[in-house]
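The values are calculated or read from the model by the stated rules, or taken from the named source; none is laboratory data. Just so we're clear, the structure is a prediction, and the values are computed from it rather than from any experiment. Cβ placement follows ideal geometry from the backbone for every residue including glycine, while neighbour counts extend to all protein chains displayed. These accessible areas exclude ligands, DNA and RNA; they are computed on the full protein's heavy atoms, side chains included. Shrake-Rupley method; radii C 1.70, N 1.55, O 1.52, S 1.80 Å.
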Amino acid sequence: MPRFREVEFWPSTGHKGKRWTDEPATDAWVKSARRVSELYSEALDSVGLTGPVGFMRLMTFPLIGEDDAVRAEVHLDGSAGWESGVVRVPPSVAHLSAGTRARMVFDVLHGAVCELAPHRGWEPEDLAAVRDYALARDLRFQWATPWKANRQRSLQARAFFRLEDDGYGRAVIEVRDRTTEELVARSDDALAFSTLAGFKRAARTLTWIDRGTVELVPYSDLLGRADGVLRLDPARGVQPLRGLDADELVTEEHRVPVVVSGKWEVPDGPSIRVIGGGPTNGVPDAYLEELDRCLDAVERDYLEWWAGADRQQLELWYDFGDGPEGPVTRRVGKKLVARIRRAPATIRRAADPGELARADVHELMDVVGDKMKLGPQPGFRPE
């Protein structure tokens, strides 16, 4: 069975210098979640849990209404190809301190894993070890390369990374005496990417460029695109580490309540469920608004048509990114997962983004109908 070793909130990264989601609360949440998710994943890896899939992804949405609790629901049937769930975040989360918000993220993650545990055969002792591992590190994630000696074998350098509450890493170069192991120099901070994988890509650039100077390209994104150059002359001395939230404490009296529950995702009878997707950075509002209306109409009007399929649930997603465009479908257990893939640049070039959204939904449902041999789709009339 796969090793269950990774958890994340979606979207898990975003464009540098921009919001990762449209709403301030969900944007703050997913950015705070970066360091907590990486640390929790590291903790999972330390206990060796196994399960039907290797990771969990929680979709992040704003909470609509007067409720002021973070409400998370983890799907227990495990039929999405990964452990899945939804977290809904109220507006007040945007105004919390970094430390308080990180603790709430942890409570959701750990609560979701605990909801899964009885259905996956995971022992309470292992989950307690995961919890203790993360809390003992104050919900902070850091990683360093092995020490790398200069040609003269007199000094050693390493790159040291940490994740901050804004969702991005910070990198420094450290140099120590090879014999005494005393730290003799540390650089200023430089911006790094948002994931451990990005840290490892950047780490491969650590180089002694002469007898005493070390160089690092600190930022390497999902596509390996690099940015920045960090250099350190050991004569500069040891600069202090500066954490963006270093002085913040978790204040329990200001915390928003967290409610985590489990749910069997696929009902007994036919159903259509709009999950959502993203990231929506750079996607025109006219496209998103029409997309929501059309998908709501499918969820409302297509159930009788869908009842002729050989799967119980139709699950509808959308992805906006730079990859291949077009509708895709996949059978997963008792579900058919159907997904719109569209590049934000394509949407921005459209003469009528709303018309493009309607066309994308119609094309997706044509593909669903062909795959399930359902015949012509009924057509939708968005309200």
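Some observations on this one:
- With 0.36 nm allotted per residue and the present C-alpha distance subtracted, the Val328-Val259 stretch has 21.5 nm of extension available.
- Dividing the summed helix terms, -39500 (n - 2.57) for each DSSP H run of n ≥ 4, by the number of residues in the chain produces a 222 nm estimate of -9500 deg cm²/dmol to the nearest 500.
- Spin-label model, Lys18 to Trp147: label points 7 Å out along the Cα-to-beta-carbon direction sit 4.3 nm apart.
- Residue of Gly14, Gly224, Gly276 that the Gaussian network model of the chain assigns the largest fluctuation, springs spanning Cα pairs under 10 Å: Gly224
- Dimensions of segment 69-166 along the principal axes, based on C-alpha atoms and rounded to the nearest Å, stand at 58, 37, 26, largest first.
- Accessible carbon and sulfur surface of the chain relative to its total accessible area, %, 1.4 Å: 48
- Computed lengthening from Thr180 to Asp210, 0.36 nm per intervening residue step minus Cα-Cα distance: 8.7 nm
- Pairs of Lys residues in the chain are counted when their Cα atoms are under 16 angstrom apart and they lie 8 or more places apart or on different chains; the count is 8.
- Once Rg/Rh (Cα atoms, Kirkwood Rh) is calculated for the structure shown, the corresponding label among [x] 1.02; [y] 0.95; [z] 0.98 turns out to be [x].
- Computed from backbone phi, the HN-Hα couplings of segment 343-359 come to 7, x, 5, 5, 5, 5, 7, 5, 5, 9, x, x, 5, 5, 4, 4, 5 Hz, rounded to whole numbers (Karplus: 6.51 cos²θ - 1.76 cosθ + 1.60, θ = phi - 60°; Gly and Pro given as x).
- Most fluctuating residue given options Arg349, Arg339, Arg103, as computed from a GNM of the chain linking Cα atoms under 10 Å: Arg349
- Across segment 21-97, C-alpha contacts under 8 Å between residues 6 or more apart give a mean separation that, scaled by the residue count, equals a relative contact order of 40 percent.
- When you count the other C-beta atoms within 10 angstrom of each residue and take the mean per peptide, 161-168, 226-233 line up highest first as 161-168, 226-233.
- Extension gain (nm, one decimal) between Arg242 and Ala226, 0.36 nm per residue minus Cα-Cα: 3.5 nm
- Average accessible surface area per residue within segment 157-244, 1.4 Å rolling probe, Å²: 46
- The alpha carbon radius of gyration of segment 126-251, expressed as a multiple of 2.2 N^0.38 Å, is 1.13.
- Estimated FRET transfer efficiency when R0 is 41 angstrom, pair Asp67-Asn281 (beta carbons, to 0.05): 0.95
- Chymotrypsin sites (Phe, Trp or Tyr not before Pro) restricted to DSSP loop in segment 263-343 with at most 12 other C-beta within 10 Å: Trp264
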